[in-house]
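Visitor: Dropping the structure in here first, questions after.
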Amino acid sequence: MLQSMPIRLLVTAALLTAIACKNRQDAHGVGVLIPKPMESSTGIGAFRLDGNTTIQVDTSHDEAMRLASHLSSVLEPVTGLKIPVTTAQGDSTGRIWLTLDATDTSLGQEGYVLHVDEHQVHISAHEPAGIFYGIQTLRQLLPAWIEGTAPTQIETREIQAVHIRDNPEYAYRGSMLDVARHFFAVDDVKRYVDLISTYKMNILHLHLTDDQGWRIEIKSRPKLTEVGGSTQVGGGKGGFYTQEQYADIVRYAAERYVTVIPEVDMPGHTNAAIVSYPWLNCRDTVHTLYSGTEVGFSTFCAKNDSTYALIDDVVRELAALTPGPWLHIGGDESHVTLPEDYVTFVNRVQPIVTKYGKKVIGWDEIANADLQPNTTVQFWADVPNTQMAVKKGAKVIMSPARKTYLDMQYDSTTRLGLHWAAFIEVDDAYNWDPASYTEGVSRQDILGVEAPLWTETIVKMDDIEYMVFPRLPGIAEIGWTGGAGRDWTEYRERLARHGSRLKAMGIDYYPSKRVNWK
Ligand code: TNX
């Protein structure tokens, strides 16, 4: 039979099979991953999740056990399988095996190795964060249904064989959520944490205070929220997080290896605080609750000790609630603060932050002050400020507004957002390299990358999702994979395959025409 088959037909059949395999590999293997791993290859065969699958942890390490249970609980509703978690017992067939390898320090704090073959899945890491990221990668190797809630067909429960060794380029990979212009409930913030950690971001910067609202309870200064928390842009009732709610967000984020950085923006952007305690202002201006969107009209009084006494209370309480190493002091657009007052102010606030054990971050304007050794500057708009920061020895977080501002419109037809910095299409947000973007700011000066979402025009979770996706995965990849070896035409194919994942997550993303969504 075979012998009688014309050679040409045989060749065609072989070719077709090869193409089918290639497509299958691309669709389910490493060709689907965002961010792109450091080293990866697609193998032969697949691992199948079934009734015999177990999750095994090498030792009864608490955190590894927690991650194992987390993986089991992610898989259960969509597979209908109750995958048991055990300590490793030697029977390797059918297991998802999690190992903490104390000896392999080359994997660093966040790196991992993920090996999948027909018999088992093995994630090993030096630190638990690496196991978490290995699990995030594993999720992307499963079809899009993994991100949904509906039970799925048994035939699709396959994980393509792969070998991945992965480690992030930048230690700081974040997004900022402005909860001051519009207030967002705890559950929305938790969902935001879920979304960014899916793409291996590890920082949530919360912009907690601005002219329009003060969103964090300070027990020793109750009016900040009683008065200052009572409105928002557009005149709605605003809101604030109690300290218990904030601690809950911090805990939820930490379980997903996300560090919360609280920002108290000052000396400008402080109308809500000044209305709460009018003596914070030493100009003759009368302040009332503000629900507009103009900036740069308010300032704390830099000359009075009482200003710093309040800041001391705020920083002390906030630092005690924040396990992460940083506290952000804002410092942007202080247009009505005299330049010498501005410098005095930043110079006096930095030691308050370090006294409570935190490192200072500020927007690029703070480079005009004397920077303390561990102060980090967040570049958003001003290149000379940022170059000055580097000359003063500061590290830089790259948030160029023209690339990373998630509140910028995609194009002139976008129904939400602003466009003062640029229109930012999905390829614009991807096509840049932090290490070469700004003259005088090179790789060793850069701590990482952050994409801020300002919320003057963003009212609800649906709006957040529309502006953040599909741009955020690209910024996450810049932070994780770095500048080299990235290419938009290759990335857009991977991104296209995330369309169905985003849908499964219930995300209302902007369906950019520059991507052939799958
Ligand atoms: C500039 S970026 C601001 C924010 C606005 C944003 C709107 C920065 C440090 N300040 O106050 O919300 O533009 O895009």
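The values are calculated or read from the model by the stated rules, or taken from the named source; none is laboratory data. The model shown is predicted, which means the values in this text are computed figures rather than measured ones. Heads up, the Cβs are rebuilt from the backbone with ideal geometry, glycines too, and the neighbour counts pull from every protein chain shown.
Visitor: Inside segment 337-371, can you point out the residues that are under 18 Å from CYS301 (Cα atoms) and either in contact with a His (Cβ under 7 Å, 6 or more places away or on another chain) or of a type in the set (Phe, Trp, Tyr) (or both)?
Guide: TYR342, PHE345
Visitor: Considering only segment 379-410, state which residues are away from the ligand (no atom under 14 Å from the Cβ) and either under 16 Å from the mean Cα position of the chain (by Cα) or under 16 Å from LEU472 (Cβ atoms) (or both).
Guide: Result: TYR410, single match.
Visitor: Something else: Which is assigned to a loop (DSSP other than H, G, I, E, B) and without any contact (Cβ under 8 Å) to a residue 24 or more places away in the chain, of HIS287, HIS269? Working first, answer last.
Guide: Details: HIS269 fails: without any contact (Cβ under 8 Å) to a residue 24 or more places away in the chain.
Going through HIS287, HIS269 in turn, the sole match is HIS287.
Visitor: Take ILE424 and tell me if it is touching an Asp or Glu at 6+ places or on another chain (Cβ under 7 Å), within 16 Å of the ligand (Cβ to nearest atom) and either among the β-branched types (Val, Ile, Thr) or not assigned by TED's automatic domain parsing to the domain that holds VAL193 (or both).
Guide: In short, no.
Visitor: Also: When segment 204-239 is examined, which residues are found to be in a loop (DSSP other than H, G, I, E, B), over 22 Å from LYS190 (Cβ atoms) and charged (D, E, K, R)?
Guide: Residues satisfying the conditions are ASP211, LYS219, ARG221.
Visitor: Sticking with this structure for a sec: Among the residues of segment 56-82, what is the count of those that are more than 18 Å from ALA150 (Cβ to Cβ) and at pLDDT 90 or above?
Guide: 13
Visitor: Shifting gears a bit: Would you mention how many residues in segment 73-87 are out of contact with any Ser or Thr (no Cβ under 6 Å at 6 or more places or on another chain) and either buried (at least 19 other Cβ atoms within 10 Å of the Cβ) or on the phi > 0 side of the Ramachandran plot (or both)?
Guide: Qualifying residue count for the region: 3.
Visitor: Considering only segment 160-168, I want to know if a residue exists there that is part of a helix (DSSP H, G or I), at pLDDT 95 or above and surrounded by 18 or more Cβ atoms within 10 Å (Cβ to Cβ).
Guide: No: segment 160-168 contains no residue that is part of a helix (DSSP H, G or I), at pLDDT 95 or above and surrounded by 18 or more Cβ atoms within 10 Å (Cβ to Cβ).
Visitor: Let me ask something else about it. Return the residues of segment 250-288 that are surrounded by fewer than 19 Cβ atoms within 10 Å (Cβ to Cβ), of a type in the set (A, V, I, L, M, F, W, C) and either more than 20 Å from GLU317 (Cβ to Cβ) or more than 14 Å from the chain's Cα centre (by Cα) (or both); say none if nothing qualifies.
Guide: The answer is TRP279, CYS282, VAL286.
Visitor: Still on this structure: Filter segment 214-273 down to residues that are out of contact with any helix residue (DSSP H, G or I) (no Cβ under 9 Å at 6 or more places or on another chain) and within 30 Å of LEU67 (Cβ to Cβ), then give me how many there are.
Guide: 5
Visitor: Same structure, new question: Just one of (1) away from the ligand (no atom under 11 Å from the Cβ); (2) within 25 Å of the chain's Cα centre (by Cα); (3) without any contact (Cβ under 8 Å) to a residue 60 or more places away in the chain trips up ILE361, so point out which.
Guide: Every listed condition holds for ILE361 apart from (3).
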